[in-house]
Amino acid sequence: MSADTFSLIVNTCIAVGTLGAVGVALWYGQKQRADVLNARYDSQRPIVCPTSMTPNLDELDIRNTGAGVATDIIATVMAWASPGAGRDGMYRYIFHFGAPLAPGPDMAIAPGVETSGSLKPDTTLRTHREQHPLLWAKDKDSSYPYTWRVVITYHDIFGRKLASIFDAYMDQRFKRYVWHCEALLVNIAHDLSELDRQV
């Protein structure tokens, strides 16, 4: 092998290595930037939860237990009309909260409006990683049937779409409803208002 050929091979290897290092540095820089942005977003993330002691179709009480302001808050409540009723025997109510909700002890209350079914019981909320739960609560088991599902969608100050999904079931021992957090979702594809308009 001539000296010129050897030199060309060495220089080519150096160039490829340099390009590879630059590519890794760029990827790592973008990842760090994404991590910083996500940390900033999460530091101002609202978490909206129902606060009613008993599920109610007439009005819904909510509270922001997170760290940031929640805007564009809409909720649905779907419930069994009677024990053992199927999808066709369901109540479907929608709640519109007009004002933003800051973190803290203050509650927001909105009246319920019965919907004729524009949001179907089998509608799903989707993120880029998963599709999440039906807007109606399935029976967990015969002892603790999930009879209510509250789905709340809202935006944070960065425009991300979030959702809180809670199920309520009757605790037979204490004869009272118990709330169960089914999911807290970030970056959902469509909020309830958008899903309602898609129909």
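The table below lists the values:
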{"item": "Calculated FRET value between Q44 and V178, using beta carbons and R₀ = 45 Å, to 0.05", "result": "0.90"}
{"item": "Sites T54 and V186 - FRET efficiency at Förster radius 30 Å, r taken between beta-carbons, to 0.05", "result": "0.55"}
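None of the figures in this text is laboratory data; all of them are computed from the coordinates on show. Note that this is a predicted model, so its numbers are computed, not measured. Here Cβ is always computed from backbone atoms with ideal geometry, including for glycine, and neighbour counts include all displayed protein chains.
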